[in-house]
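First the structure, in the form of structure tokens, and then the observations on it.
The values are calculated or read from the model by the stated rules, or taken from the named source; none is laboratory data. These numbers come from a predicted model, not from an experiment. As a convention, Cβ positions derive from the backbone with ideal geometry for all residues, glycine included, and neighbour counts pool all protein chains shown.
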Amino acid sequence: MRTFSKSGKLDNVCYDIRGPVMDEADRMAAEGTKILKLNIGNPAPFDFDAPDEIIKAMTDNLRNAQGYSTSKGVVEARNAILNYHRSKGLSVESINDIYTGNGVSELIVMVMQGLLDNGDEVLVPAPDYPLWTAAVTLAGGNAVHYICDEQSDWYPDIADMEKKITDKTKAIVIINPNNPTGAVYSKDVLEDIVKLARKHELIIFSDEIYDRLLMDGAEHTSIASLAPDLFCITFNGVSKSHMSAGFRAGWMVLSGDKSKAEGYIEGLNMLSSMRLCSNVQAQYIIPAALSGTGAPDEALKKGGRIYEQRECIYNLLNDIDGITAVKPKAAFYIFPKIDAKKFGITDDEQFVLDFLKEKKILLVHGGGFHWEQPDHFRIVYLPAVEDLKYSMGELKDFLSRYRQDRC
Ligand code: PLP
């Protein structure tokens, strides 16, 4: 009988947020075990509802959204996107340079499919949001990871970035604000990255999906606003800022000097047309979202839910012997360091699996974000303070006995 296996193209794709830990979590859940999930940045299960304005824009437009839109998206959405990014200093020529997507995810895959030939290299951060590495790999490219430095607020290490540029490098990816570290990059760091891109004629891809989820007065600078002479693609969407990940509304904006990217843009237009268009009903929520209504501003201030959950997780983690964490300034992730020596950890995925089995709490190991050493993990701090307190109490208890090398 004929059997089917996955395409060989997927063999090298590093997208290991699934794997043994998720398999075990699924198995436990199927047996009826309740698992506390600190592993996924999906606000809805934690009682973060999409704002009424967003729900209204979605439902009001059901009848308007029956047919395909033009492949880049409806004019209303792209006008709102144009105004938003121009207000952040991007030099965008017109709405022709804006493409809506079924979330940013679809567009990340699209930009790599359109750009890369086999063996081309793209600089991707470590740690990264792993879809970036997967998309590069799937398109036949090699993701070359540059280090983000925990000692410097998780900023990209510019010297490491430069060291890794070769004649095959086509682009630099930055994720700012960052998942998984919660870092918000300073203007100086961004200027340094622009200098490198300018010197080596690289495209800049900037994933800014968390730019409206800032705390402590942090200010977000779009790198493209500092590089009007370079070709940049900026990604954004409403999944996180408007707690509407399930609606699938994202976009990308081409800005700066397009003269050297005409062929690439032609390819992007082809790919955009091939998928016909993004979910049309969801495109209609974009003007409402970008008008500023319904943004989670209160939740991000002192006393607000995301802020207080961040404070709680940060303090509790740093209170555990053998764990340290840099305070995140944006989004809802923290990427703590665990003293691998103290706990005899050589396999971070095994650590997360052991913790899941014993405590029924799900984390993601650092390796899932292409962090090479077995000494980090990521927590999503969307759950309520009581759940965060409970989970950190359990982690403390677990670590008081854990030695991986003696298991
Ligand atoms: N980029 C980053 C940095 C993310 O963290 C995520 C989701 O977690 C995405 C992109 C995907 O977003 P979307 O829901 O728009 O596909």
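Remarks
- Sole residue being surrounded by 17 or more Cβ atoms within 10 Å (Cβ to Cβ), out of contact with any helix residue (DSSP H, G or I) (no Cβ under 9 Å at 6 or more places or on another chain) and acidic (Asp, Glu), chosen from Asp211, Asp257: Asp211
- When Ile306, Ile323 are checked against the criterion of being at pLDDT 95 or above, surrounded by fewer than 22 Cβ atoms within 10 Å (Cβ to Cβ) and in contact with a strand residue (DSSP E or B) (Cβ under 8 Å, 6 or more places away or on another chain), a single residue qualifies: Ile323.
- First in segment 174-193 and touching a residue at least 40 places away in the same chain (Cβ under 8 Å) and at positive phi, second anywhere and crowded, with 24+ Cβ neighbours inside 10 Å and among the hydrophobic types (A, V, I, L, M, F, W, C), Cβ under 6 Å, 6 or more apart: Gly182/Ala330; Gly182/Ala331
- Within segment 72-105, the set of residues being part of a helix (DSSP H, G or I), within 12 Å of the ligand (Cβ to nearest atom) and buried (at least 21 other Cβ atoms within 10 Å of the Cβ) comprises Gly103, Val104.
- Evaluation of Arg27 against the conditions (1) part of a helix (DSSP H, G or I); (2) surrounded by 12 or more Cβ atoms within 10 Å (Cβ to Cβ) shows that the sole unmet condition is (2).
- Scanning segment 106-130 for residues that are touching a helix residue (DSSP H, G or I) at 6+ places or on another chain (Cβ under 9 Å), in a loop (DSSP other than H, G, I, E, B), charged (D, E, K, R) and away from the ligand (no atom under 12 Å from the Cβ) yields one hit, Asp120.
- Any hit, segment 217-239, residues being touching a Cys at 6+ places or on another chain (Cβ under 8 Å) and either farther than 28 Å from Ile55 by Cα or surrounded by fewer than 20 Cβ atoms within 10 Å (Cβ to Cβ) (or both): yes
- Among the conditions (1) assigned to a helix (DSSP H, G or I); (2) more than 14 Å from the ligand (Cβ to nearest atom), Gly246 misses just one, which is (2).
- Segment 135-170 - residue that is out of contact with any helix residue (DSSP H, G or I) (no Cβ under 7 Å at 6 or more places or on another chain) and aliphatic (A, V, I, L, M) and, of those, surrounded by the fewest Cβ atoms within 10 Å (Cβ to Cβ): Ala159
- Residue match in segment 139-149 (condition: in contact (Cβ under 8 Å) with a residue 40 or more places away in the chain and charged (D, E, K, R)): no
- Glu162 being closer than 28 Å to Ala245 by Cα, among the acidic types (Asp, Glu) and free of Cβ contacts under 8 Å to residues at least 40 places away in the same chain: no
- So Gly114, is it over 27 Å from Thr181 (Cβ atoms), within 21 Å of the chain's Cα centre (by Cα) and crowded, with 18+ Cβ neighbours inside 10 Å: yes
- Selection status of Ala143, within 15 Å of the chain's Cα centre (by Cα) and either within 16 Å of the ligand (Cβ to nearest atom) or of a type outside the set (Val, Ile, Thr) (or both): no
- Verdict on Glu298 being at pLDDT 95 or above and of a type in the set (Asp, Glu): no
- Pro45 being within 16 Å of the ligand (Cβ to nearest atom), surrounded by fewer than 16 Cβ atoms within 10 Å (Cβ to Cβ) and over 29 Å from Tyr264 (Cβ atoms): yes
- Residues that are part of a helix (DSSP H, G or I) and crowded, with 22+ Cβ neighbours inside 10 Å, drawn from segment 326-354: Asp348, Phe351, Val352
- Which numbered condition Ser5 fails, given (1) part of a loop (DSSP other than H, G, I, E, B); (2) touching a helix residue (DSSP H, G or I) at 6+ places or on another chain (Cβ under 9 Å): (2)
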